[in-house]
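The values are calculated or read from the model by the stated rules, or taken from the named source; none is laboratory data. Computed from a prediction, not measured in an experiment: that's the story for all the values here. Ideal geometry is used to build each Cβ from the backbone, glycine not excepted, and the neighbour counts take in all protein chains shown. Surface areas here come from the heavy atoms of the whole protein model, side chains and all, with no ligands, DNA or RNA. Shrake-Rupley method; radii C 1.70, N 1.55, O 1.52, S 1.80 Å.
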Amino acid sequence: MAFEGLSNRLQSVFSKLRGKGKLTEDDVNEALREVRLALLEADVNFKVVKDFVAKVRERAIGQEVLQSFTPGMVVVDIVNKELTALMGGTQSKLARANKPPTVIMMAGLQGAGKTTTTGKLAKMLQQQNHRPLLAAADIYRPAAIKQLQVLGEQLKIPVFALGDKVSPVDIARQALQHAKDNHNDYLIIDTAGRLHIDENLMDELKQIAQAVSPDEILLVVDAMTGQDAVNVAESFHKQLELTGVVLTKLDGDTRGGAALSVKAVTGCPIKFAAMGEKMDALEPFHPERMASRILG
Ligand code: GDP
C-alpha cells in the first residue's frame, strides 16, 4: 500500500510520544528528528521537510502544549494539521466554466497514466450526470487515439478524433466546436506525452491552450517516481500555468514524497488521486483524509 513505510515510521514515533504523559522540549525535538528522517526517506523534498519540521516545532514547543494533559496527542494533532496544510489544506475542486463546455486539457509524460486518467475523469463526470466529450489530440503515439476510442466505447462516452494527420491544435479547436454543437458540457483533451520534457511538446501544449482557453490544465504525474514527479510538475508549471495535478499509481508502494511535496514546491494543488488501472479508480484528492491516512 502507498505510504506504508512513512506511515509505519510516523506511527511508531507518535506512539512513543503518546506513551510518555508529560513531555519535555527534548522529547519533542527527538520526535521531530525522527519525523524529519521519515519524511526524507519517503522522498519528500529536502526544503519542504525543513520548513515542515520548523513549523511543527514552533507550534509544539510552547508551554501550553507541553503542560497540557495529553501533550503527545496535541503534538500529533499539530503534525496532522501541518501535513494537511502541506498538501493544500482543503480539497481543490475542478473548475467549471460559466458558459459550458468546461474545457479540461490533460498533459503529462508518456506512461504517467494520462490517457487512462482522461477516461476515468470522463467516467466520474458522466456519473455526475454530465455529458463529457473526449478529444484525441495525441497524434504521435501510435496507439493513443485507438486507446482513447476503446475507452470511450467501453464507457459510452463520445470521442472526437481526426486521425493523426491533422494538427493537435486543429483537433482541439474542432473538438471544442463539436462539443458546443452537441451540448457536451465538458471537453477533455488528451494531449501528446513524451518520454522527456522537450521544447516541441511544450510549444504544442501552449498552442493548444491558446486555441481553446482551457478552464483546467491538469498535469498527470506518476507518484511512484517521487521527486522526479515533483520536478516534472515544476517544469510544466513554469511554462503552462497548470491549474492542478493528478497523482497516479497511489495504489503502488509509492513512498509518498510526491504527494507531500507537489503543492509546496509548485504551488499547484493536487486535484485527483488515481489508485488503480480500472476506470473507477480515481478520487478527488482530500488533503485532510490523506494526512489522517498517513498518520493512521
Ligand atoms: P499515458 O502514456 O500517460 O497516456 O499512460 P497510460 O494512460 O497509457 O498509462 C500507462 C500505464 O499505467 C497503463 O498500463 C495504465 O493501466 C497504468 N496506470 C494508469 N494509472 C494507474 C494507476 O493509478 N495505478 C496503476 N497501478 N496503474 C495505472
Open item on the list: Against the condition surrounded by 20 or more Cβ atoms within 10 Å (Cβ to Cβ), at pLDDT below 95 and within 16 Å of the ligand (Cβ to nearest atom), how does ALA144 come out, does it pass?
Closed with: yes
TODO: Examine the range 70-80 for a residue that is more than 15 Å from the ligand (Cβ to nearest atom) and among the acidic types (Asp, Glu), and state whether such a residue exists.
DONE: yes
Open item on the list: Between a residue in the range 106-120 that is under 16 Å from GLY244 (Cβ atoms) and of a type outside the set (A, V, I, L, M) and any residue that is open to solvent by 20 Å² or more (accessible area, probe 1.4 Å) and not in a helix (DSSP H, G or I), which pairs come within a Cβ distance under 7 Å, given they are 6 or more apart or on different chains?
Closed with: GLY113/ASP222; GLY113/LYS249; LYS120/MET279
Task: Of all residues in the range 26-46 being in a helix (DSSP H, G or I) and β-branched (Val, Ile, Thr), the one that is nearest to the chain's Cα centre (by Cα) - done: VAL35
Open item on the list: Suppose we filter VAL103, VAL169, VAL159, VAL76 for residues that are in contact (Cβ under 8 Å) with a residue 12 or more places away in the chain, in contact with a helix residue (DSSP H, G or I) (Cβ under 7 Å, 6 or more places away or on another chain) and under 24 Å from GLU288 (Cα atoms); which single one remains?
Closed with: VAL76
Open item on the list: Can you report the number of residues in the range 10-46 which are under 23 Å from VAL262 (Cβ atoms) and touching a residue at least 40 places away in the same chain (Cβ under 8 Å)?
Closed with: 8
